[in-house]
Amino acid sequence: MANHPFVTMTKPTGSFCNMRCRYCYYLNADNGESFAHIRMNPELLERYISDYIQSTKEDVVSFTWHGGEPTLAGLDFYEEVVRLQKKYLPKGKTCWNNIQTNGLLIDEKWCEFLKREKFDIGVSIDGTRFVHDLYRVDVNEDGTYTRVKKAVELLEKYGIHPDLLCTVTEDTANAARSVYASLRSFHSGWIQFIPIVRYNEDGSTTEDSVTPGSYGRFLKEVFREWITHDLGRLNVQIFAETALVLSGRKANVCWFSETCGNVLIVERDGSVYACDHFVDQSHKLGNITDTSLSELADHPFQQAFGQEKKNIAEKCKTCPYEFICHGGCPKDRNTQTREYYLCDGLFTYFEYAVPLLRKAMNWSQERKTPAEIMKRIREEE
């Protein structure tokens, strides 16, 4: 078993996808190939599952299936996943499965399987039809909002409440309330906002990248709506993580943690990388065909990679909110100053949200109901 705790994010179809999202950082140039041979082969899949179960000390072994588009592997692939998990799972342990999908292939059969095998599922949907179709298009350059919306509704019909993952571009940020209202209308119970920050060759950010100022205003507007209308009914990841840290516990997400490097990326050929945002040769740890996951998780390079997150910018060391974000995600830090690109936006959000969250948490300890807390905050606001 590994000496350091870790989880994996597996890309069973690599970067292959049936969409062409304009901001995608993972799309492979060979996506025109037939999808028939793109998935992880059966022998490698079995090796991966048995190795992972043996390598982790956790009682719940977490399998996250990502992409590209992981449903392209086919329903029979995940039926085999479940069979192998049951084969290798020792007594006293359980498996948790999550698929992050664009929703285009979700149908009745998929829903029946996901429900039966208790898979969690995340669906990528960018709020309103306008913003979604601006970026999330299929191979024919057609918008996909209507199809994804139907997939979410079908999952809900089967009693599956998907996590909704919404990217935040500059266009999203300029439509904060309508985007949030659209996502809230699905009644899924959980929303994640992922900021889009991409770079040109000269180091400047692309036009679709959200600016720090817009990101801060977006989070502030959405937080205001959430804490005055949806407290106790809907969770938003960044708000939940902020509250978790304020309560004295450690964050669940890596970019709010003091260190990172505990999420290994397993590609369809068995290659293992340090992080989802660093899938390149300089961050390749090895391959599960010749090295166990426990060895790769404990590898000195991986441990150094995780500890490097502690190397924060000078301005972070005096920031009153450093204990929450710990200097932000290394992906978007300036390589020389270590300053996080979205720092000013996060500061705007923290300045507004932290005092209100602390009040809400105090009132909750006084046994005030969410409705009473929201009423008080609306009156103060």
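The values are calculated or read from the model by the stated rules, or taken from the named source; none is laboratory data. Treat the numbers as computed from the prediction; the structure is a model and nothing was measured. We place every Cβ from the backbone using ideal geometry, glycine too, and count neighbours over all the protein chains shown. What goes into the accessible areas is simple: the full protein's heavy atoms, side chains included, and nothing from ligands, DNA or RNA. Shrake-Rupley method; radii C 1.70, N 1.55, O 1.52, S 1.80 Å.
Values for this structure:
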| item | result |
| --- | --- |
| On Cα atoms only, tilt of 237-246 relative to the major axis of the chain in degrees | 70 |
| Point-to-point label distance, residue 229-residue 258, nm (Cα→Cβ direction, 7 Å offset) | 3.9 |
| List 309, 157, ordered by accessible area with a 1.4 Å probe, largest first | 157, 309 |
| Residues of the chain: accessible area per residue with a 1.4 Å probe, Å² | 47 |
| Residues of type lysines that residue 149 reaches as a straight line, Cα spacing below 17 Å, ignoring anything fewer than 8 places off in the same chain | 157 |
| Sequence of 83, 20 from largest to smallest accessible area, 1.4 Å probe | 83, 20 |
| Lysines with Cα under 24 Å of residue 359, excluding same-chain neighbours fewer than 8 positions away | 220, 250, 368, 375 |
| Tensor-based shape of region 143-288 (alpha-carbon gyration tensor, a/c under 1.5 rounded, otherwise prolate or oblate) | rounded |
| Area accessible to solvent at residue 44, 1.4 Å probe radius, in Å² | 10 |
| FRET efficiency, residue 358 to residue 41 (Cβ-Cβ, R0 51 Å, nearest 0.05) | 0.50 |
| Heavy atoms of residue 267: accessible area, 1.4 Å probe, square angstrom to 10 | 20 |
| Computed [θ] at 222 nm, helices only, for the chain once each DSSP H run of length n ≥ 4 contributes -39500 (n - 2.57) | -12000 deg cm²/dmol |
| Inter-site label distance for residue 198 and residue 315 at 7 Å from Cα along Cβ, in nm | 2.6 |
| Pairwise FRET efficiency - residue 147 versus residue 303, Cβ, R0 = 25 Å, nearest 0.05 | 0.05 |
| Carbon and sulfur %, accessible surface of region 139-240 computed with the full protein complex present, 1.4 Å | 47 |
| Computed E for residue 187/residue 335 - FRET, C-beta separation, R0 41 angstrom, nearest 0.05 | 0.45 |
| Set of aspartates and glutamates with alpha-carbon distance to residue 109 below 17 Å, sequence-local pairs under 8 removed | 76, 79, 80, 117, 120, 153, 156 |
| Apportionment of accessible area to carbon and sulfur, region 265-335, percent (1.4 Å) | 51 |
| Residue-count net charge about residue 215 - beta-carbon cut-off 10 Å; Lys, Arg +1, Asp, Glu -1 | 0 |
| Between 0 and 90°, nearest 10: helix 75-88 axis offset from the chain longest Cα axis | 80 |
| Set 87/331; 93/331; 11/309 screened for pairs whose C-alpha atoms are more than 29 Å apart | 87/331; 93/331 |
| Ranking by accessible area, most exposed first, for 204, 15, 282 with a 1.4 Å probe | 282, 204, 15 |
| Residue 247 - accessible surface, heavy atoms, 1.4 Å probe, Å² rounded to 10 | 60 |
| Cα-based helix-to-principal-axis angle, 212-229 vs the chain, degrees rounded to 10 | 80 |
| Antiparallel DSSP beta bridges within region 14-144, percent to nearest 5 | 15 |
| Projected label distance in nm at residue 178 and residue 366, using a 7 Å step from Cα toward the beta-carbon | 3.9 |
| Free-standing Cys, the chain [no other Cys Cβ under 4.7 Å] | 17, 95, 111, 166, 275, 316, 319, 325, 329, 343 |
| Whole-number D in µm² s⁻¹ for region 111-226, Kirkwood Cα-pair radius fed into Stokes-Einstein, 20 °C, 1.002 mPa s | 142 |
| 13 Å beta-carbon shell around residue 170, net charge (K/R +1, D/E -1) | -1 |
| Gained length - residue 211 relative to residue 376, 0.36 nm times residue gap less alpha-carbon distance | 56.2 nm |
| Contact order normalised by residue count of the chain, Cα under 8 Å, 6+ apart, percent | 17 |
| Extension gain, residue 250 back to residue 89 (0.36 nm per residue minus Cα-Cα distance, nm) | 55.1 nm |
| 20 Å binning of all Cα-Cα separations within the chain, expressed as whole percents from 0 upward | 26, 61, 13, 0 |
